[in-house]
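Below is one structure, written out as structure tokens, with a few remarks after it.
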Amino acid sequence: MNYFKNLRFDQLRIAFYILLLAIFYQFTQFDIYEVTAYCSCKICINKLEFRDGKFASNENVYFGGAAARRGIPFGTRIKLLPLNPRDQSAVKNIFQGRTDFVIEDRGFLIRGNKIDIYIPKWLGGHKAAQKWGIRRMRILFNRS
Ligand SMILES: [Zn+2]
């Protein structure tokens with residue numbers, strides 16, 4: 001009988017399907033987000049009480065901090081995955097190539113799949129934020 005031989009083949013096939021599912025699952029971990037940038041100016045932060053040099057997490061502002069909706073806890077690490085060359089060069093020129101950020105802040109208008117990257121003055125502040133504009137990008141969440 002070829003029974004065992006067939007069984008082994010079926011097992012291999014199942015293992016292959018599980019592998020495919022695992023790869024597919026990896027892709028579902030990447031979400032498309034609308035990525036914007038902000039600074040500490042009056043236009044970006046309209047309330048004086050929030051222009052205190054601190055993020056909503058109570059950390060002092062720093063390059064590497066970003067704002068997200070309430071559902072994403074402070075300290076969550078994210079990675080930008082710029083796929084098209086224009087986004088890649090924007091990351092290189094405006095963020096000095098930085099793709100790793102930590103969620104430290106909240107914002108009135110930051111709901112849903114939105115990430116707002118903090119840009120300090122030494123990195124260009126408001127002008128740099130405007131230059132960045134709105135970019136749709138894949139974001140990898142480090143859920144460890
Ligand atoms: Zn600004």
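A short reminder: the numbers here are calculations on the coordinates, not readings from a lab. Since the structure is predicted, the reported quantities are computational estimates derived from the model, not experimental observations. Counting neighbours? That spans all protein chains shown, and the Cβs are built from the backbone with ideal geometry, glycine included.
Some observations on this one:
- Applying the criterion of being basic (K, R) and without any contact (Cβ under 8 Å) to a residue 40 or more places away in the chain to the residues of the range 46-79, the residue that is farthest from F101 (Cα to Cα) is K47.
- For the range 62-87, the set of residues classified as in a helix (DSSP H, G or I), surrounded by 14 or more Cβ atoms within 10 Å (Cβ to Cβ) and not acidic (D, E) is empty.
- Residue, farthest from the chain's Cα centre (by Cα), within the range 79-117, restricted to residues that are within 16 Å of the ligand (Cβ to nearest atom) and farther than 11 Å from V35 by Cα: F108
- Some residue of the range 47-62 being under 19 Å from F95 (Cα atoms), touching a Ser or Thr at 6+ places or on another chain (Cβ under 7 Å) and aliphatic (A, V, I, L, M): yes
- When the range 88-109 is filtered for residues that are part of a loop (DSSP other than H, G, I, E, B), among the small types (G, A, S) and surrounded by 16 or more Cβ atoms within 10 Å (Cβ to Cβ), only G107 remains.
- Residue match in the range 25-40 (condition: more than 18 Å from the chain's Cα centre (by Cα) and crowded, with 16+ Cβ neighbours inside 10 Å): yes
- Taking the range 89-103 as the range and being in contact with a Phe, Trp or Tyr (Cβ under 7 Å, 6 or more places away or on another chain) and closer than 14 Å to R135 by Cα as the test, the residues that pass are A90, I94.
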